[in-house]
Every structure is written in structure tokens, then in C-alpha cells.
Amino acid sequence: MMVKSLSELRYACLFCTQTGHTVREGDATVFLSQEQLLRHLSRHPQPLPEVPGVTVLYGKAGHGHGHSLEEDYDLHFPDPPAPTPMPETSFSTLPTATAVRSHVRKPGDMRPPTDPDGSEDILQFLPGARIVGVEFPARWGGNWCMGWHDGVRAAFPFKHVEIDRPKPSEISYNANSSVSVKARWKWSPKLGSDEPRWLPLEKGDSIRNVGWVYQDHWCWSGTNSKGKTGVFPSSHIDPVSVREVVKPATSKPPSVKSMKLSSVKQSSAIRGLMGRRTIHRANDPSLTWEGVAAQIKFPTQPR
Ligand SMILES: [Zn+2]
């Protein structure tokens, strides 16, 4: 591939280039080293796509059969495809992202970059790279993510990527929804005029009329206090803030009921947070917790 300087060699896969698509979502299209390219090739389903002028030999090369191909090939795969470390399960509940700037370890770095936990196993990618299965561990406050790229799952800074907009089938607006939530982190995506519209979040923002295709899906919709409606990642919502306001049948004040998030969404970090809240409440009766206060004030109406 063309590069600006000799020190930065880049490689591409002839076979993916020929077919115009990668083998798996989240595969790299530009490789930083021969090692990374060979690892990619080893995971290609066989036989590989035909590329004019490229002779590929499969299986153990025999000796003395006089087969001309055995001495005249460009690429030899003695073994069947190597397994990919990506799990078989689909990442459809999680967002995908596109890199907007590179995140690579430079050779000879005196202090190699680490994730906030101090691990040097960071996710490396170049601009335009697709990252799938993006998650926001609670302890990183929305600043760092975990995700898969080129068969590797590791951490990367959120500011190096943009979350891909959801497909229309992944969105459910629900103006009649009585679910309200609070943002736990700021979310300031690039807005533009593309549909669907993102709903930017400030920490502590209240969002009402919250909708989703299903609750565990990453993309929720809602309306903020200024009346703006849009979609946002549910990762940026405080999991214990999810409330359903039950519309009163009488003139009594509306009751508020806490909604249970499914166990899938509750990471150990979130469970830890909930546990700490319980301890605070037990030890310090003066400390109010909005949800609890609301429940005490307005007991749930029997329905
Ligand atoms: Zn390829």
C-alpha cells in the first residue's frame, strides 16, 4: 500500500480487496505488520476468493509427484482456517463504531500507552477501522470502551471513534412511553443532518418518553427537558434511574415505580454501585435517594 514515509509500512489483503468486503464484521482492512496480515490470511475461509494472477496452494505439499503447482505458487495454506477468537454470539445488542483517528503503539515508545487499568493490551486500529461489540465499562466513566477489532478484544479511548448510527429497524420512538431515565455521562456526538438524530446528553439530564426495540438493546430513544427528541446509547444512562411513571386513574399524585434491568445489563460494577447505595441508606437515614423518596411519598397504586 502507498504510505507517506518508509517507517510506516501498511499491508492490505488481496482477497478482501478482490471481493470488496471483509470476512467478518470488524476485520481490519489495513494491516500494520506482516504478522497481522498473515494472521488475517490464516483465518480466511478456504478456498479463498479467486484473484487473477495469484496461485494459492492448499494442504500439505507432497514431494516427488511432479505436480508443477507445488513449485509455482504465491501462497500456501498447509492447514485449514485458524479459528477466530471472536465469540459465535452476535453483537446485535451492542453498538459498532468507526475509528476517526488512529490508536497504535509506536515502535520504540518509551512509555507504551495503557488503558486506565494500566494494561498495555490496548486495541490498535487505523482511521476508518470498524469496531464491533462496543461496551462502556462503568468504571471508565464513558471515556474508555472495550470492543472487538480484527479478532482482538481490548480497550480504547472513546474519543478515537464515533458510534455508528443505528439502523431504522433498531429504533423505536415511543411518545406514549411513561419511562424516564437520567444520563450518567455526557454524550456529545457529531450531530450533522443525518438521520436518525442523536440526542446529546449532559450528565444528570432527565429523558422522558423513553423507547426501545427491546430493553437490552444499546439504542434508546427519548425526549429531553428542552423538548428535543432523538436516539442515544443506553450505556450512558444511570441503570438505577430507569423509572416508569404510572398514570393515575384518580386525581392522586402519580406513582413512580422502579424498573428492574435484566441481569444481562447489570455488570458487576453496577451491582457494586447498587450495593453501596443500600449500605449508605442503611447507615445514614438522612441521605435521600430520589427513587426511594419517590416510592415512599407515592406508594404504587394497586392495579
Ligand atoms: Zn482478507
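Largest to smallest in accessible area, the residues Ile171, Ile122 fall in the order Ile171, Ile122 (1.4 Å probe, all protein chains included).
In percent, what relative contact order does the stretch 190-252 have, based on Cα pairs under 8 Å that are 6 or more apart in sequence?
On the way: 68 pairs, mean separation 17.4, N = 63.
Computed value for the stretch 190-252: 28 percent relative contact order.
Here Ser90 sits with roughly 90 square angstrom of accessible surface, probe radius 1.4 Å.
Placing dummy labels 7 Å off each Cα toward the beta-carbon, the span from Glu35 to Arg10 is 2.1 nm. Put a dot 7 Å past the Cα of Ser102, heading toward its Cβ, do the same for Asp121, and the two dots end up 2.4 nm apart.
Rounded to the nearest 0.05, what FRET efficiency do Gln46 and Ser169 give with R0 = 30 Å and r taken as the Cβ-Cβ distance? Could you check?
Working: r = 33 Å, r/R0 = 1.11.
Efficiency, from the Cβ-Cβ distance: 0.35.
Taking label points 7 Å from Cα along the Cα-to-Cβ direction, Asn143 and Lys159 give a separation of 0.9 nm.
The values are calculated or read from the model by the stated rules, or taken from the named source; none is laboratory data. From a predicted model like this one, the values you see are computed outputs, not experimental measurements. Because the Cβ atoms are built from the backbone with ideal geometry, glycine has one as well, and the counts that use them run over all protein chains shown. Side chains included, ligands, DNA and RNA excluded: accessible areas come from the protein's heavy atoms. Shrake-Rupley method; radii C 1.70, N 1.55, O 1.52, S 1.80 Å.
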